[in-house]
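What follows is one structure encoded as structure tokens, with my remarks underneath.
Where a number appears in this text, it was derived from the coordinates with a stated rule and is not lab data. None of the values given here were measured: they were computed from a predicted structure.
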Amino acid sequence: MVDPDALYAELQAVLREIDELQEKVGASASSEDRQALEHGLKQLVDRKVAIEEEIDQATGASR
């Protein structure tokens, strides 16, 4: 069984990483750096969505 508290903690960590990457994207001068950061940001957002879906399944909630 999935622990919703662990999922919420993981979600918070991913949200912090997203915030940090968004700051880096905004401060990035080079196009290549920005593309790499945006790719990483997309992966984190995808992970955030997956965690939210796991939370919904674990708690029986729906969005």
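For the chain, the longest principal axis of the alpha carbon atoms and the long axis of helix 31-59 meet at an angle near 10°.
On the principal axes of its alpha carbon atoms, the chain extends 44, 18, 15 Å, with the longest extent given first.
Rounded to the nearest 10 degrees, the inclination of helix 4-27 to the longest alpha-carbon principal axis of the chain is 10 degrees.
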